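Enquirer: First the structure, then my questions, so here it is.
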Amino acid sequence: MSDVQRSSGNKYFLKWVAAIRRGAELLSLPVMLMMVFSPYASAVSLSLQSAEAIALRQNPGLGALTQKIAELRHKAVAVAQLPDPHLDLGALNLPLNSFSMNQQQMSMLSVGLSQTFPSFGKLGLEGQQAGIEAQAAADTLRGQSAELVLLLRRAWLQALYTENAMATVRHQEQLEAESVQAALALYRSAQGSQAEVLRAQLARDNLANDISKLQAERASDLAQIAQILNLPEPPSIEHQWPNLPPPHTLAQAEARLSGQPLLRAAQAQTRAAQMGVQVAKTGYWPDVTVSVGYGQDFHPGSPNWLSAGVNLSLPIFPGDRQDQDVAAARAKALQAQYRYDDQHLALTQQVRATFARYAALKTELERTDQRLLPNARNAFSATLAAYSAGRAGLNAVLRTQKEVLDYALTRLQYRRDLALSAAELDFLTTQGEMQP
């Protein structure tokens with residue numbers, strides 16, 4: 001090992017030690033390896049669970065939403081406070097010929113303080129409205145966290161499908177090789193033609209193109225996973241199909257929709273808009289400003305002065321202002337309610353469609369596993385044996401070979417789509433908090 005390699009290894013070892021000393025919040029070993037040993041990330045087999053933890057921690061979009069929640073919570077405190085008081089300092093009735101403060105009576109220096117009180121209840125309502133908006137942002141964060149996990153699972157399952165599809169095609173190459181050997185044997189025994197040998201070899205060699213396409217698809221899937229995880233290089237993922245949570249019954253899934261974070265966020269936005277109507281109605285009441293002032297008179301024998309007053313806004317022409325504000329707030333509240341209703345209907349339809357697709361895929365996968373794929377393999381074996389004995393043509397062999405490949409790939413598609421449906425149902429029935 002060169003000195004440069006040894007120095008580089010020591011550097012990453014010290015980074016790992018530093019991460020452990022900072023606590024690392026009980027991350028799993030694969031996650032720590034991905035975060036600390038980033039130059040060697042491609043050599044670490046990453047599990048889906050660890051990848052989800054990385055995505056929820058490192059995705060910049062979730063970080064921006066977290067700061068949005070903090071902004072709204074600070075704003076909820078600020079908007080509920082009284083406006084800052086006003087301090088007034090002045091010189092009154094100052095003679096211009098001498099600027100003397102004791103030349104005439106009523107020349108004085110004054111100091112005053114005034115405080116404006118918004119219309120009754122307005123500050124409290126605005127604080128509640130901002131608090132509801134912060135809650136809506138928190139629900140949006142949980143919903144988008146679940147969406148990010150769903151996006152990761154889709155890319156993950158697609159990558160697993162392409163990996164297994166490549167293995168299936170390579171196995172098919174072995175079957176094609178058996179056909180080539182059978183065609184060669186018949187040709188050498190003068191029972192077959194050279195054209196059949198060439199056709200069998202062509203069918204075998206054409207599978208190399210399928211493998212190249214699948215390799216390109218897998219590279220694209222891994223690149224998407226790296227983007228979701230905010231990693232500089234595509235990771236090496238585990239080749240095992242993940243154990244996703246089994247879906248609820250359709251009735252349970254529909255009942256859980258009311259707790260879906262994105263739907264809760266829409267509901268919170270509706271409440272905030274309805275609170276906005278009450279805020280707008282406070283505009284019918286005047287704002288009150290109370291002021292008090294003290295004047296120091298410097299003329300001999302003159303008293304000092306105290307002044308106090310109340311200033312009111314006069315909302316006496318509400319038709320073009322307050323009425324319009326209330327009408328606009330009501331329209332906004334109705335808009336938010338319609339959006340909530342539309343989103344609820346869309347999620348309900350999505351749950352029903354996904355559940356029906358899940359049930360159908362489960363049945364199709366079982367049928368393919370138990371009957372279709374085994375029968376296709378048996379048909380190929382029987383046809384190949386018949387061809388070797390001169391009782392069948394090469395076309396029948398190639399056709400049954402293709403059927404074996406088609407059913408094997410279809411089985412993988414069913415398995416992938418079944419897991420995708422389970423992931424979608426898990427997203428649609430998401431409950432509780434998800435922290436990035």
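The values are calculated or read from the model by the stated rules, or taken from the named source; none is laboratory data. Just so you know, these numbers come straight off a predicted model, no measurement behind them. Counting neighbours? That spans all protein chains shown, and the Cβs are built from the backbone with ideal geometry, glycine included. Quick note on the areas: whole protein, heavy atoms, side chains included, nothing else; ligands and nucleic acids left out. Shrake-Rupley method; radii C 1.70, N 1.55, O 1.52, S 1.80 Å.
Enquirer: What number of residues within segment 119-158 are of a type outside the set (Asp, Glu), open to solvent by 30 Å² or more (accessible area, probe 1.4 Å) and more than 23 Å from Val77 (Cα to Cα)?
Expert: Of the residues in that region, 4 qualify.
Enquirer: Here is a further query. Only one residue in Ser8, Ser45, Ser28, Ser2 is at pLDDT below 90 and touching a helix residue (DSSP H, G or I) at 6+ places or on another chain (Cβ under 6 Å), so which one is that?
Expert: Selected residue: Ser28, the only one of Ser8, Ser45, Ser28, Ser2 that is at pLDDT below 90 and touching a helix residue (DSSP H, G or I) at 6+ places or on another chain (Cβ under 6 Å).
Enquirer: Within segment 356-385, which residues are closer than 17 Å to Leu420 by Cβ and either open to solvent by less than 40 Å² (accessible area, probe 1.4 Å) or touching a Ser or Thr at 6+ places or on another chain (Cβ under 8 Å) (or both)?
Expert: Of everything in segment 356-385, those that are closer than 17 Å to Leu420 by Cβ and either open to solvent by less than 40 Å² (accessible area, probe 1.4 Å) or touching a Ser or Thr at 6+ places or on another chain (Cβ under 8 Å) (or both) turn out to be Arg357, Tyr358, Leu361, Leu365, Thr368.
Enquirer: If you don't mind, another one. Out of Leu87, Leu96, I need the residue that is within 30 Å of Leu306 (Cβ to Cβ), exposed (fewer than 14 other Cβ atoms within 10 Å of the Cβ), among the hydrophobic types (A, V, I, L, M, F, W, C) and modelled with pLDDT of 90 or more. Which one?
Expert: Answer to the check: Leu87.
Enquirer: For segment 178-199, give me each residue that is part of a helix (DSSP H, G or I), surrounded by fewer than 19 Cβ atoms within 10 Å (Cβ to Cβ) and either polar (S, T, N, Q) or within 30 Å of the chain's Cα centre (by Cα) (or both).
Expert: Gln181, Gln194
Enquirer: Sort out which residues of segment 225-234 are open to solvent by 70 Å² or more (accessible area, probe 1.4 Å) and over 16 Å from Ala53 (Cα atoms), and write them in order of number.
Expert: Pro232, Glu233 - these are the residues of segment 225-234 that are open to solvent by 70 Å² or more (accessible area, probe 1.4 Å) and over 16 Å from Ala53 (Cα atoms).
Enquirer: A follow-up question, please. State yes or no: is Leu175 aliphatic (A, V, I, L, M), surrounded by fewer than 19 Cβ atoms within 10 Å (Cβ to Cβ) and more than 37 Å from the chain's Cα centre (by Cα)?
Expert: No.
Enquirer: With the requirement that a residue be in contact with a helix residue (DSSP H, G or I) (Cβ under 6 Å, 6 or more places away or on another chain) and under 30 Å from Ser307 (Cα atoms), what does segment 122-150 give you?
Expert: Lys122, the sole residue that qualifies.
Enquirer: Filter segment 99-118 down to residues that are closer than 30 Å to Pro315 by Cβ and not aliphatic (A, V, I, L, M) and give me whichever is most open to solvent (accessible area, probe 1.4 Å). Let's see the steps before the verdict.
Expert: Start the filter on segment 99-118 by keeping residues that are closer than 30 Å to Pro315 by Cβ, which leaves 112-118.
Next, from what is left, pick out any that are not aliphatic (A, V, I, L, M): 112, 114-118.
Details: Gly112: 13, Ser114: 28, Gln115: 36, Thr116: 49, Phe117: 86, Pro118: 34 Å².
Ranking the qualifying residues of segment 99-118, first place goes to Phe117.
Enquirer: Can you tell me which residue in segment 67-78 is farthest from the chain's Cα centre (by Cα), limited to those that are open to solvent by 80 Å² or more (accessible area, probe 1.4 Å) and free of Cβ contacts under 8 Å to residues at least 60 places away in the same chain?
Expert: Val77
Enquirer: A further question on this structure: Is it true that Ala64 is crowded, with 16+ Cβ neighbours inside 10 Å, under 30 Å from Arg142 (Cα atoms), of a type in the set (A, V, I, L, M, F, W, C) and within 30 Å of the chain's Cα centre (by Cα)?
Expert: Spelling it out, it is not the case that Ala64 is crowded, with 16+ Cβ neighbours inside 10 Å, under 30 Å from Arg142 (Cα atoms), of a type in the set (A, V, I, L, M, F, W, C) and within 30 Å of the chain's Cα centre (by Cα).
Enquirer: Does segment 401-414 contain any residue that is in a loop (DSSP other than H, G, I, E, B), open to solvent by 60 Å² or more (accessible area, probe 1.4 Å) and either without any contact (Cβ under 8 Å) to a residue 12 or more places away in the chain or not polar (S, T, N, Q) (or both)?
Expert: no
Enquirer: Now for a separate question. Take the residues in segment 235-253 that are part of a helix (DSSP H, G or I) and out of contact with any Leu (no Cβ under 9 Å at 6 or more places or on another chain); name whichever of them is most open to solvent (accessible area, probe 1.4 Å).
Expert: Taking segment 235-253 first, the residues part of a helix (DSSP H, G or I) are 250-253.
Now narrow it down to the ones that are out of contact with any Leu (no Cβ under 9 Å at 6 or more places or on another chain): 250-252.
Details: Leu250: 59, Ala251: 73, Gln252: 94 Å².
If we take residues in segment 235-253 being part of a helix (DSSP H, G or I) and out of contact with any Leu (no Cβ under 9 Å at 6 or more places or on another chain), then Gln252 is most open to solvent (accessible area, probe 1.4 Å).
Enquirer: Oh, and also: Can you tell me which residue is nearest to the chain's Cα centre (by Cα) among those in segment 271-322 that are open to solvent by 60 Å² or more (accessible area, probe 1.4 Å) and without any contact (Cβ under 8 Å) to a residue 12 or more places away in the chain?
Expert: Among those residues, the one meeting the criterion is Asp320.
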